[in-house]
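J.: Below: one structure in structure tokens.
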Amino acid sequence: MKGFIQTLKNIWSLQELRDKILVTLSLILVYRFASYVSLPAINMAEVGDLLDHFQKQGGGKAAAGLLGLLSSFTGGAFSHASIMALGIMPYISASIIVQLMGLAIPYLQKLQKDGESGRKTINQITRWLTIIVCLVQAPFYLGTITQAFLPYEQFRSAYYIDPQSIAFYVPSVVILVAGSIFAMWLGEKITDKGIGNGISILIMVGILSRLPSSFIQEFTTQTGNGGLGSIMILIEVLFWLVVILLAIVISVAVRKIPIQYVSRAHATGGANRNLLQGARQWIPLKLNAAGVMPIIFAQAIMFIPPFLANLSKSDTSQSIAAVFSNMFGFWYNFVFALLIIIFTFFYTAITVPTNKMADDLKRSGGFIPGVKPGIDTADFLDHVMSLLTFPGALFLALIAIFPSLIIGLGVQQSWAMFYGGTSLIIMVGVVIDTIQQVNSYLLNQHYDGLMKSGKNRKAVA
């Protein structure tokens, strides 16, 4: 504890780091404030939380759970009919689309190799694509509100304007798009002026905003069951910490591949001879190189079957829609886990170019001991990466479906969502990344202090 307090003092003593933290916290507060500003055409004072209202009106637990998952990424803005209801997710979707398009479009491949200028162009393309995604998602969101949550025929007092009119849709779509663009801008400003990855931090803040209320709800429910309730809360908290530790292990676990760099230097004195001078280094191959992206991919795919099935009124279609709308059911989680495993291999193959790594090693004079440079090195790295990806994909799929397993043991739905899934992986990943950046600032300051405090030695003739 003493060391932790001293670390906080060291962090606060650095002017640059302190300013970055204050900027980050200020922008987060702005984002959280905006998430409680409702759309001008909707009177949320008459309704309160849309998800709670949906369940009170007879909405199924499964459907509410699926919509609650969307709401968790926006910190409740989705269920408050906020101007930030779309949140940062359209930007995430646009980024994924651009990454996938980079596999097939030579122009994007060229931009990826152009360094900083190419990265800026890709970012600009992603921003414009974000606006297009928002223009598609905003009408669907408004349709969900006006048809599922608040039908105009039953809740006329919840609307200032007829929701079927152009005067409702056009301004609301513009406001939702502007809110999402504003969230994207805040994320980029946090990345530039603050600490950590801004986009990820905004998602994490949205997820964490529901943690206190979820825990209080679970605590109230369990303690209401008598003396065993307190023991159950203790067990749940300890088990939650174990799951977090498992997620941390998956996020940071690496396989170090030793590499040897060989350079030639001429010896002095006598006949010139070539001396081999080697420096041993490592290639870190992560157990979970894909991060949280396979879960996001799979989650996006799982929204498609119920949407398509609802287009038809047949019994088969309605049964399919019911199965894939229940995110805690067996078949939903089976397909979900299978998609995560497939996407983990797919995304790892995209983000870890073993052929390029082998070529770079060969050009720089590096080699893996016991492996020939070139094609053999690429095959070796690909083989090792495949062996690492399989257990990483299984662990990722297990963490993703863990909330469904926990709910089966009697845990409240809102609290169970923190036991796994996208929420847990994002929280762990963001915290680790932010801590690493803070440590780098502290390390740089440490060396700067050594350089400033060191005494200059006079040269000895």
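The values are calculated or read from the model by the stated rules, or taken from the named source; none is laboratory data. If you're wondering where the values come from, they're calculated on a predicted model, not measured in any experiment. For neighbour counting, all protein chains shown are included, and Cβ atoms are generated from backbone atoms with ideal geometry for every residue, glycine included.
J.: Please determine, by comparing only the residues of region 319-348 that are more than 18 Å from G392 (Cα to Cα) and of a type in the set (G, A, S), which one is surrounded by the most Cβ atoms within 10 Å (Cβ to Cβ).
T.: Selected residue: S325.
J.: When you look at A41, is it over 13 Å from H80 (Cβ atoms), in the same structural domain as I195 (by TED's automatic domain parsing) and modelled with pLDDT of 75 or more, yes or no?
T.: Yes.
J.: Identify all residues within region 198-235 that are out of contact with any Ser or Thr (no Cβ under 6 Å at 6 or more places or on another chain) and under 20 Å from V23 (Cα atoms); write none if there are none.
T.: Within region 198-235, I199, S200, I201, L202, I203, M204, V205, L208, S209 qualify.
J.: Mind listing just one residue for me: the one in region 366-414 that is of a type in the set (V, I, T) and not in a loop (DSSP other than H, G, I, E, B) and, of those, surrounded by the fewest Cβ atoms within 10 Å (Cβ to Cβ)?
T.: I375
J.: Moving to a separate point now. Is there any pair linking a residue in region 108-127 that is on the phi < 0 side of the Ramachandran plot and assigned by TED's automatic domain parsing to the domain that holds K189 to one that is outside any helix (DSSP H, G or I) and loosely packed, with under 12 Cβ neighbours inside 10 Å, with Cβ under 9 Å and at least six apart or on different chains, and which?
T.: Q109/L103
J.: Looking at this structure, is V173 more than 14 Å from A41 (Cα to Cα) and either modelled with pLDDT of 85 or more or not acidic (D, E) (or both)?
T.: When the stated conditions are applied, V173 does not pass them.
J.: Of these, Q99, Q137, which one is in contact with a helix residue (DSSP H, G or I) (Cβ under 9 Å, 6 or more places away or on another chain) and either surrounded by fewer than 18 Cβ atoms within 10 Å (Cβ to Cβ) or assigned by TED's automatic domain parsing to the domain that holds F297 (or both)? So that I can check it myself, show each step before the final result.
T.: On the way: Q137 fails: either surrounded by fewer than 18 Cβ atoms within 10 Å (Cβ to Cβ) or assigned by TED's automatic domain parsing to the domain that holds F297 (or both).
Result: Q99 is the single residue among Q99, Q137 that is in contact with a helix residue (DSSP H, G or I) (Cβ under 9 Å, 6 or more places away or on another chain) and either surrounded by fewer than 18 Cβ atoms within 10 Å (Cβ to Cβ) or assigned by TED's automatic domain parsing to the domain that holds F297 (or both).
J.: Scan region 287-316 for residues that are more than 20 Å from G420 (Cβ to Cβ) and not in a helix (DSSP H, G or I) and jot them down.
T.: Residues satisfying the conditions are N310, L311, S312, K313, S314.
J.: Would you check if L14 is of a type in the set (A, V, I, L, M, F, W, C) and surrounded by 13 or more Cβ atoms within 10 Å (Cβ to Cβ)?
T.: Details: of a type in the set (A, V, I, L, M, F, W, C): yes; surrounded by 13 or more Cβ atoms within 10 Å (Cβ to Cβ): yes.
So L14 fits the description; yes.
J.: Now for a separate question. In this structure, does A62 turn out to be under 30 Å from Y159 (Cα atoms), modelled with pLDDT of 75 or more and more than 22 Å from the chain's Cα centre (by Cα)?
T.: The answer is no for A62.
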